[in-house]
1. Does residue 166 meet the test of being over 30 Å from residue 23 (Cα atoms), of a type in the set (D, E, K, R), outside the structural domain of residue 43 (by TED's automatic domain parsing) and out of contact with any Phe, Trp or Tyr (no Cβ under 8 Å at 6 or more places or on another chain)?
2. Mind listing just one residue for me: the one in segment 171-204 that is assigned to a helix (DSSP H, G or I) and touching a residue at least 24 places away in the same chain (Cβ under 8 Å) and, of those, nearest to residue 224 (Cα to Cα)?
3. Filter segment 182-204 down to residues that are at pLDDT 90 or above and surrounded by fewer than 12 Cβ atoms within 10 Å (Cβ to Cβ), then give me how many there are.
4. When segment 206-217 is examined, which residues are found to be charged (D, E, K, R) and surrounded by 12 or more Cβ atoms within 10 Å (Cβ to Cβ)?
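The values are calculated or read from the model by the stated rules, or taken from the named source; none is laboratory data. A quick note: this is a predicted structure, and the numbers were derived from the prediction, not measured. Glycine gets a Cβ as well: all are built from the backbone with ideal geometry, and neighbour counts include every protein chain shown.
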Amino acid sequence: MLDNLFRGLFDTDMTTVIPVSDFLLCVASALVIGVLLAWMYMYKTRYTKSFVATLALLPAVVCVVILMVNGNVGTGVAVAGTFSLVRFRSIPGTAKEIGAIFLAMGTGLVAGMGYLAYAFLVALVLGGAGMLFSQINFDRKKKSARYKTLHIAIPEDLDYEGVFDDLLKKYSAEYELTQVKTTNMGSLFRLTYDLTLRRTGTEKELIDQLRCRNGNLEITLSKQETIVGAL
C-alpha cells in the first residue's frame with residue numbers, strides 16, 4: 001500500500017520504483033553530509049547563516065533530483081548541472097564559496113546514485129583538505145595586508161597625470177590608477193589607486209607625503225576593494 005502511494009502517475013510496469021526506505025536513507029545521509037560539509041566550511045572562515053544553511057541542504061536537494069530520474073544518470077547529471085546556474089548569493093561569491101557549493105553538489109550526486117559510503121568518503125577527504133588549506137593559509141594574511149586601495153582628493157586645477165607617480169613608486173611595488181571621479185560639485189577630483197606596498201608599516205609616511213602634494217585634502221587608504229580570487 002505504501003509503495004503504491006509513492007508511485008508516479010506516469011509510471012509503467014517497466015519502471016523501477018525506489019523503495020521509500022531506500023529513498024529516506026539516501027536523503028538522510030545527504031543531510032548528514034551537508035551538515036558535515038557546512039561545519040568544515042565554517043572552520044576559520046567568515047560566513048553568513050544563510051549560506052551555511054544552503055550549503056547544508058544542497059547535497060540533499062541534489063540527491064533527491066538524482067533519485068527522481070530513477071537511474072538515468074545522464075539526465076540526472078544534466079538536471080543537477082542546472083543548479084550551477086542559480087545565483088545563491090546577492091553579492092559576488094569568493095572562490096572558496098564556489099568550491100564549497102560544487103563539493104556539496106558532488107556529494108549529493110554520489111549519494112543520489114546510491115553510493116552512500118563513497119559520498120561520506122568524498123566529503124571527509126575533500127572537506128578535510130579544505131580545512132587543511134585554511135590552516136596552512138599560504139601566508140595570505142601577510143600578503144593581503146600589502147594590498148591597498150588609495151583615494152586622493154585633489155583640486156580641479158591640479159593636473160593629476162603623474163603628479164603622485166614618484167611617491168607611489170617609492171612606497172609601492174606596483175600601482176594602478178583605476179578611477180577618476182569629480183566630487184564636491186566638480187571642484188575636486190577623486191583619484192582611486194590600487195597598489196601593493198613594498199612593506200607594511202609605511203602607510204602613515206606615505207599619507208604624510210601625499211598630504212603635502214594634494215593641499216591637505218582628504219586621503220583614504222584601505223584594504224584593497226577589488227578582491228583577488230573572488231568569482
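1. The answer is yes for residue 166.
2. Ranking the candidates gives 203 first.
3. Residues in segment 182-204 being at pLDDT 90 or above and surrounded by fewer than 12 Cβ atoms within 10 Å (Cβ to Cβ): 2 in total.
4. Scanning segment 206-217 gives 211, 213.
Yes or no, residue by residue, for (1) under 30 Å from residue 17 (Cα atoms); (2) modelled with pLDDT under 85; (3) over 15 Å from the mean Cα position of the chain (by Cα); (4) part of a loop (DSSP other than H, G, I, E, B):
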| position | (1), (2), (3), (4) |
| --- | --- |
| 101 | yes, no, no, no |
| 108 | yes, no, yes, no |
| 118 | yes, no, yes, no |
| 157 | no, no, yes, yes |
